[in-house]
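Below: the structure, in structure tokens.
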Amino acid sequence: METEEILKIGEQIIESEITEVKRMKGNLTLNFSECVQAMFSAKGKIVVVGVGKNAPIAQKMVATLNSTGTVSQFLHAGEALHGDVGLIQKEDVCLILSKSGNTAEIKSSLPSIKQFSAKTIAITGNLNSYLARNCDIVLDATVEKEAGVLNLAPTSSTTVQLVLCDAIAMTLQQMKGFTGNDFGKFHPGGSLGKQLLLKVEDMLDETQKPEVSIDAPIKEVIQSLSSGRFGITVVKDQNEIVGVVTDGDLRRMLEKFTDFSHLKARDIASLNPKTIKKSILARKALRLINEHKIGQLVVVDDNNEYVGIIDFHGLTNEGIRAE
């Protein structure tokens, strides 16, 4: 098969699924509103039921709901017949996905699902099916044709279900007033979660804490600078932070002095360094670094005790952006 023919088939498949999604949009009725209202008002969780090719769509719906503020759980219709129906509580709302609405697992498990739950909602491509006739709310996911010449494998039908589930979930999210901050809390490992939640102390490497006394000779200062990876060492006077020496300070020293054997840390240090509390959000640290056009910040605890260094590259490599 030539490249041109392969591309043409791919385009046809995509266009076929787009057509069915557009048709589904025109089929939205008051039932969609009733569905969303029922899920919004649920006192329990949302149980999403699926079987066969509908199961991964149901699992995706569960993941989307849970990440946007609606507690939900997946139930395989087949496993419901063997004890898993027990996860349904009387205040739960059940959302059941099935193209035909007449599969054996759906027909066998639906009576128990109805008995245990507060309300049942069907998403089906057969409005005359057993599922449609026996659920409280029915959403139309009918497709005229599956994508592909055989019109057999679930393609357009699962796409329509997926899009309809997304529409439900995103409408619920808006009704709940779910914000970007909320989303970040539910995704602590993602870039948004880090942006909203990560603190300076979460990024500290306790083994990287270079420091010298204010009267340390230059050789000791150079050794301290070389011991860390930040290109900076903190200068202390009787346990109080009074300055820092950076790689830049060292270069300026070499340009200014021909003999530096007599110099000490106090002679080349940059005084009154910028510090930040370890409890501050990492994004605020990056903002300070950018504002002052520096490469690092000295990190202190609530008692202004030196606890480490945080730098520009460490922050940006972690996906932090300035406010």
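Report the local net charge at Glu34: Lys and Arg +1, Asp and Glu -1, summed over other residues whose C-beta lies under 14 Å from its C-beta.
-1
Go ahead and run the numbers for FRET between Phe40 and Arg266, Cβ-Cβ distance against an R0 of 51 Å, rounding to 0.05.
0.20
For Ser213, what residues show an amide H to amide H distance below 5 Å, using hydrogens built from the backbone and excluding near sequence neighbours?
Lys236
Val307's amide H: which non-local residues (gap 5+, or another chain) put their own amide H closer than 5 Å, with H modeled 1.01 Å from N in plane and none for Pro or chain starts?
The answer is Val299, Val300, Asp301.
Quick one: helix 282-292 against the long Cα principal axis of the chain, what's the angle to the nearest 10°, folded into 0 to 90?
Orientation of helix 282-292: about 40 degrees from the principal axis.
Each residue of the range 233-243 in order: what ³J(HN,Hα) in whole Hz does its phi give by Karplus 6.51 cos²θ - 1.76 cosθ + 1.60, θ = phi - 60°, with x for Gly and Pro?
9, 7, 9, 10, 10, 6, 6, 9, 6, 10, x
Provide Rg over Rh for the chain; use the alpha carbon set for both Rg and the Kirkwood Rh (inverse mean inverse pair distance).
Radius of gyration over Kirkwood radius for the chain works out to 1.26.
Dipole size in debye (nearest 20) for the range 212-323 around its Cα centre, Lys and Arg Cβ +1, Asp and Glu Cβ -1?
The dipole of the range 212-323 has a size of about 360 debye.
Which ³J(HN,Hα) values in Hz, rounded to whole numbers, follow from the phi angles of the range 149-161 under the Karplus curve 6.51 cos²θ - 1.76 cosθ + 1.60, where θ = phi - 60° and Gly and Pro get x?
5, 7, 6, 10, 5, x, 10, 4, 5, 6, 5, 4, 4
What ³J(HN,Hα) values, in whole Hz, does the Karplus curve 6.51 cos²θ - 1.76 cosθ + 1.60 give for the range 29-38 when θ = phi - 60°, with x put for Gly and Pro?
The phi angles translate into 10, 4, 4, 4, 5, 4, 4, 5, 4, 5 Hz.
Mind giving me the nanometre distance, one decimal, between the label points for Thr3 and Leu152, set 7 Å out from Cα along Cα→Cβ?
Spacing of the two 7 Å Cα→Cβ label points: 3.2 nm.
Hey, what number do you get for the chain at 222 nm if only DSSP H runs of n ≥ 4 count, each worth -39500 (n - 2.57), divided across all residues, to the nearest 500?
Calculated at 222 nm, the ellipticity per residue is -13500 deg cm²/dmol.
Given a Förster distance of 25 Å, report the FRET efficiency between Glu220 and His313 from their Cβ-Cβ distance, rounded to the nearest 0.05.
E(calc), rounded to 0.05, equals 0.45.
If you take the beta carbon distance between His82 and Asp136 as r and set R0 to 30 Å, what does 1/(1 + (r/R0)^6) give as a FRET efficiency, to the nearest 0.05?
0.75
Mind jotting down a quarter of the surface of the convex hull over the alpha carbons of the range 226-323, in square nanometres, one decimal?
7.1
Are there any trypsin sites (Lys or Arg not before Pro) in the range 80-165 that are in a DSSP loop and have at most 13 other Cβ atoms within 10 Å? List them by number.
Answer in residue order: Lys90, Lys145.
Looking at the range 259-313, which trypsin sites (Lys or Arg not before Pro) are DSSP coil and have at most 12 other C-beta atoms within 10 Å of their C-beta?
Taking the range 259-313 and a limit of 12 other Cβ atoms within 10 Å, the loop trypsin sites (Lys or Arg not before Pro) found are Lys293.
Name the long-range amide H neighbours of Val47: under 5 Å, sequence gap of 5 or more, or other chain; modelled H, no Pro or chain starts.
Distant-sequence amide H within range of Val47: Gln73, Val93, Cys94, Leu95.
With the dipole of the chain worked out from charges on the C-beta (+1 for Lys and Arg, -1 for Asp and Glu) around the Cα centre, which of Asn134, Met170, Val307 lies farthest toward the positive end?
Asn134
Loop-only check: which GluC sites (Glu not before Pro) in the range 65-125 are DSSP coil with at most 10 other Cβ within 10 angstrom?
Passing sites in the range 65-125 do not exist.
Kindly flag which residue pairs out of Lys25/Lys145; Lys60/Lys199; Lys25/Lys60; Lys176/Lys277 have an alpha-carbon separation exceeding 23 Å in this structure.
Lys60/Lys199; Lys176/Lys277
I want the antiparallel fraction of DSSP beta bridges within the chain, as a percent rounded to 5.
Here the antiparallel bridges make up roughly 40 percent for the chain.
Every read-out reported here was derived from the displayed coordinates using simple, explicitly stated rules and does not represent laboratory data. Quick caveat, the model's predicted, so the values are computed rather than measured. Here Cβ is always computed from backbone atoms with ideal geometry, including for glycine, and neighbour counts include all displayed protein chains.
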